[in-house]
1. Would you confirm whether or not the range A:71-87 contains a residue that is out of contact with any Gly (no Cβ under 7 Å at 6 or more places or on another chain), hydrophobic (A, V, I, L, M, F, W, C) and part of a loop (DSSP other than H, G, I, E, B)?
2. Among the numbered criteria (1) of a type in the set (S, T, N, Q); (2) under 30 Å from A:F105 (Cβ atoms); (3) modelled with pLDDT under 85, which one does A:T269 miss?
3. Out of everything in the range C:82-99 that is over 17 Å from B:I28 (Cβ atoms) and either buried (at least 17 other Cβ atoms within 10 Å of the Cβ) or out of contact with any helix residue (DSSP H, G or I) (no Cβ under 8 Å at 6 or more places or on another chain) (or both), what residue ends up being modelled with the highest pLDDT?
4. Go through the range A:474-533 and count every residue that is surrounded by fewer than 24 Cβ atoms within 10 Å (Cβ to Cβ), more than 28 Å from A:G115 (Cα to Cα) and among the small types (G, A, S).
5. Given the criteria surrounded by fewer than 24 Cβ atoms within 10 Å (Cβ to Cβ) and either at pLDDT 85 or above or of a type in the set (A, V, I, L, M, F, W, C) (or both), does A:L471 qualify?
6. Give the residues of the range A:413-432 that are buried (at least 24 other Cβ atoms within 10 Å of the Cβ) and over 21 Å from A:G110 (Cα atoms), sorted by residue number.
7. Of everything in the range B:22-43 that's over 12 Å from C:E36 (Cα atoms) and within 15 Å of the chain's Cα centre (by Cα), which residue is surrounded by the most Cβ atoms within 10 Å (Cβ to Cβ)?
8. Suppose the filter is modelled with pLDDT of 75 or more and out of contact with any Lys or Arg (no Cβ under 7 Å at 6 or more places or on another chain); does A:L580 pass it?
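The values are calculated or read from the model by the stated rules, or taken from the named source; none is laboratory data. This is a predicted model, so every value here is computed, not measured. Cβ placement follows ideal geometry from the backbone for every residue including glycine, while neighbour counts extend to all protein chains displayed.
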Amino acid sequence: MTIQTLLWLLPLPPLLAFALIILVTNRWKALSHTLAIGAAALSWLGSMFICWTVFRLDGLAEHPIGSTIQWLPTGADSWLSIGTRIDPLAAVTLFFVAWTVLFIFIYSVGYHNFGQPQGDHDRAGLPPEGATLKGKGHHRVPSIEPMYSRFFAFISLFAFAMYTLVVSDNLLTLYIGWEIMGLCSYLLIGFWYGKKSARDAAVKAFLTTRVGDVFMLLGLVGLYKAAGTLSYAGIFGNEEMLHTLATTGSGILGLSQAGLFGLLLFIGTVGKSAQFPLHVWLPDAMEGPTPVSAMIHAATMVSAGVYLSIRIFPLVSQSETALLVMSIIGAFTALFAATIALAQNDIKRVLAYSTISQLGYMIAALGVGAYVAAAFHLVTHAFFKALLFLGSGSVIHGMEHGVLHTGEHVDPQDMLNMGGLRVKMPITFWTFLIGGFALSGFPLVTAGFWSKDEILSGAFAGGHWVVFATLAVSALLTAFYTMRQITLTFLGQPRTKAAAHAHETPLTMTLPLMVLSFFAITAGWVGIPKAFPVLGGLINPWFEEFVGSMLPAHGEAAEAGHSLVPLFTSLVVALGGLYLGWLVYSKVKAGAKDPFARALPGLHRVLQNKYYIDEFYQRAFIRPARWVAEEFSYRIIDRGLIDGILHGIAGGGLGLGRFTRDQVDLPVWNHFVEWLMARVPALGRVLKGVQTGRVQQYMVIAIAIAVVVGVLFVYFFVLA
Amino acid sequence: MTLSQVFFLAVAAITLFAAVMVVSTRRIMHAALWLVLSLFGVAVLFALLQSGFFAVVQVVVYIGAIAILIIFAVMLTRQVMLDVGPQLNRGWWIPAVLVAGLYAALVGVLSTWSQFQAQAGPLAPEANDLSRFGQALVDLNAYVIPFEIASVLLLGALIGSIFVASERKG
Amino acid sequence: MIPLSWYLIFAAALFCIGLFGVLARKNAVAILMGVELMLNAVNINLVAFWRYLYAPDLAGLTFVAIVLVAAAAETAVGLALIISVYRRRSTVVVDDLSLMKG
């Protein structure tokens with residue numbers, strides 16, 4: 001099978017699995033997850049084959065592999081073509097998507113307690129509450145998810161959308177995959193729809209990303225109108241087209257067309273990748289099951305946003321303003337989200353904010369022109385963030401086990417309730433440690449160090465001091481809150497009985513952790529810069545050349561030389577942050593408050609409440625909208641104006657009605673109608689004769705009329 | 001008057017006479033037999049029009065199948081219909097007048113048409129190429145959809161008539 | 001040679017005779033025979049138009065084939081209905097079947 005054919009087939013297995021699970025195998029849980037994982041494995045196999053082939057090709061960027069078909073006729077002779085294509089960027093994205101998706105699928109089997117008994121009181125739409133084992137007294141164990149098959153159907157659809165997005169060769173099919181993912185994230189965040197918080201979070205995620213998507217659609221439409229095509233090759237690979245777009249004014253804010261459409265598309269990224277100010281949905285999305293968090297926050301949806309931004313970089317880079325906007329939003333988000341993460345106690349929320357922060361890194365990297373670094377960080381981040389989310393799910397799972405076992409009423413997601421889990425859950429601990437160190441950029445070993453270092457040196461080399469400083473500070477904060485998380489969760493002594501009775505999770509959950517931690521370390525080695533002291537050149541910096549070949553003007557920033565300043569900065573911030581985090585949090589006792597909250601209570605409260613942005617949106621947008629709806633539209637317009645008019649009309653009508661009844665109806669009509677009524681039966685008797693019930697007579701009448709009308713028609717219209 | 005014209009007139013006269021007998025004869029079985037003759041006349045006219053295929057189809061489908069089916073139906077429903085009394089409705093003259101009017105109107109309208117007296121040119125050899133016709137019936141760019149719909153219609157009629165005519169218990 | 005008009009006049013006559021049968025006959029089977037005559041008239045028209053005006057084009061012939069199919073289907077269903085009615089009411093005289101009488 002050629003690569004071209006394989007690319008078309010790549011997204012299909014998960015789609016088929018989705019359809020089969022929904023339509024056929026819904027009742028058989030084992031069959032459902034076998035189907036879903038089998039489909040994911042098929043796609044994974046295909047992806048690996050493709051990656052293995054194209055990674056060794058020279059000049060893939062100039063001659064991407066792919067094929068197109070004519071899809072929609074858009075005029076007399078023009079077609080809207082869609083197609084698939086694999087180029088270096090798509091290849092590396094495909095690589096990490098395939099790995100993470102497959103292992104998230106496998107992990108879900110364990111996470112949803114496959115093999116455990118049915119719950120005592122579990123209901124569809126609520127998380128399983130545990131089952132009581134008969135025979136051993138009151139022994140409670142986790143119970144299987146009631147909507148197990150449904151979950152696998154949804155994540156299969158999600159995987160289908162992600163594969164579609166990655167292999168497509170144009171912005172339209174990318175947008176289709178993008179929107180299907182929006183739907184899936186809505187369905188999955190609201191998976192436990194019995195909880196009000198989950199329902200609200202699902203609606204919030206959908207509406208917030210929708211805001212971005214609308215702008216993105218505007219950008220697509222505008223771009224299509226201006227360029228006449230939506231294919232990557234036709235826009236981003238076409239120097240002439242880029243030049244035309246860059247030099248034609250758009251008439252809005254003095255931007256060129258390239259800048260305007262680039263920014264509009266970028267707003268789509270802001271929504272999908274949860275950048276400030278549309279970041280509010282992502283932390284709430286933690287209401288979904290943990291594999292969903294990993295799926296949304298690592299492998300697929302948020303990556304899709306950054307992927308789009310990297311895709312449109314050739315367009316955006318035509319406009320200085322657009323680049324500036326990107327770097328400001330990215331750097332600000334990176335710092336802003338990192339500060340919030342400092343004060344969160346929910347293990348998953350910390351990760352959610354760190355995701356926002358890391359995505360900000362990538363956007364900022366793009367803004368300063370560090371194209372390769374952004375793609376590099378996208379890949380490494382996908383691996384270690386998927387690892388961290390799955391690890392946190394494993395922790396929560398272990399804690400839930402402890403909670404069920406002891407009957408203690410504590411929140412299994414609150415890190416202050418944990419502690420000492422390294423003994424109980426060694427595999428989870430070590431893999432989480434690897435992920436956390438990768439996130440904080442632990443020097444030399446982890447993937448996160450290399451990609452983060454690359455971003456910092458990109459910003460430094462380009463002379464973007466503000467961005468560099470902001471990113472350095474947020475890297476320090478990242479290391480700090482990561483260590484805080486690790487310390488609170490795994491080190492020290494258990495702070496609750498539940499934590500003391502936590503349990504290591506089954507192999508289906510720990511295996512993905514181990515595989516992903518392998519990548520969290522090694523994924524960075526393909527991008528060690530040549531100029532790096534001692535290590536540089538030991539391993540060929542293949543990533544740089546491979547992805548960097550996507551840019552025609554490649555090499556300006558990269559050739560600027562590797563300075564030691566960013567290197568030392570990243571060393572200092574990573575190690576310093578980790579040490580500080582350990583220092584502050586290693587002594588937290590059971591029931592004690594967060595030391596940070598004791599030291600700086602005011603700041604802590606602000607951060608814990610996420611700068612009150614949700615409250616601000618509530619006041620600034622939601623309440624006014626509600627006020628307009630309730631007070632203005634309903635009370636004033638509806639009740640006052642429209643109802644007033646209606647009442648007036650009704651009153652007038654009533655008066656008129658009275659008048660006609662008394663003056664006209666009673667005297668005139670009633671007498672007439674009574675007279676008429678007396679004659680109706682007679683008329684009926686006459687007409688009855690026509691109604692013979694004989695079909696042939698009806699037909700004679702019908703044909704006679706048709707003939708007469710036809711003759712008249714011909715006589716008056718045709719012959720005249 | 002050429003030979004073919006004479007032949008046409010003879011066939012047309014026989015066909016029309018048979019058709020009149022179909023609608024007027026008292027014995028329903030005779031009507032069915034007249035119908036066979038009339039259908040055969042139509043088949044001859046198809047042949048005159050150089051459409052040999054449809055002439056054969058006319059004989060096979062109409063005479064071989066439909067007419068026989070009708071004869072069967074006549075036999076099945078014959079018991080009480082001993083063909084006594086008039087076989088036409090009481091007011092039969094009303095339809096007679098009506099169809100006479102319709103005929104006059106049709107011919108009148110047709111005669112004003114410019115192609116009314118058109119003569120046939122020589123027939124292109126591929127016009128009667130049956131394999132071409134068969135290809136067109138299953139060609140995506142030609143008539144595959146009408147063809148398939150006709151197939152479904154036949155199937156529907158088959159199942160429907162079995163369902164309607166079969167004896168139901170209870 | 002034979003002009004197109006002869007065929008058209010002949011077909012119109014056959015059609016009208018068939019129509020008369022449909023409108024005037026008492027027996028349902030005979031009515032069906034009238035319908036067959038009308039359909040044949042239509043087919044004559046179609047083939048004649050094809051021969052005189054559109055010869056190598058296949059649309060006319062396809063139309064004829066479809067009419068044949070429709071006629072076969074119609075006869076089958078019609079006769080099935082007649083037999084079914086006969087079984088219940090023991091008559092096929094249409095005048096007796098006047099459930100719709102007002």
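1. Start the filter on the range A:71-87 by keeping residues that are out of contact with any Gly (no Cβ under 7 Å at 6 or more places or on another chain), which leaves A:71-82, A:87.
Checking the rest, the ones that are also hydrophobic (A, V, I, L, M, F, W, C) come to A:71-72, A:76, A:79-80, A:82.
Within this subset, residues satisfying the condition of being part of a loop (DSSP other than H, G, I, E, B) are A:76.
Yes.
2. (3)
3. Among residues in the range C:82-99 that are over 17 Å from B:I28 (Cβ atoms) and either buried (at least 17 other Cβ atoms within 10 Å of the Cβ) or out of contact with any helix residue (DSSP H, G or I) (no Cβ under 8 Å at 6 or more places or on another chain) (or both), the one modelled with the highest pLDDT is C:S84.
4. Result for the range A:474-533: 2.
5. Details: surrounded by fewer than 24 Cβ atoms within 10 Å (Cβ to Cβ): no; either at pLDDT 85 or above or of a type in the set (A, V, I, L, M, F, W, C) (or both): yes.
So A:L471 fails the test.
6. Step one: filter the range A:413-432 for residues buried (at least 24 other Cβ atoms within 10 Å of the Cβ), giving A:415, A:417-418, A:421, A:425, A:428, A:431-432.
If the condition is that a residue be buried (at least 24 other Cβ atoms within 10 Å of the Cβ) and over 21 Å from A:G110 (Cα atoms), then A:M415, A:N417, A:M418 are the ones that fit.
7. In the first step, residues of the range B:22-43 are kept if they are over 12 Å from C:E36 (Cα atoms); the result is B:24-31, B:33-34, B:37, B:40-41, B:43.
Next, only the ones that are within 15 Å of the chain's Cα centre (by Cα) stay: B:31, B:33-34, B:37, B:40-41, B:43.
Working: B:A31: 26, B:L33: 16, B:W34: 21, B:L37: 17, B:F40: 20, B:G41: 24, B:A43: 22.
That would be B:A31.
8. Details: modelled with pLDDT of 75 or more: yes; out of contact with any Lys or Arg (no Cβ under 7 Å at 6 or more places or on another chain): yes.
The answer is yes for A:L580.
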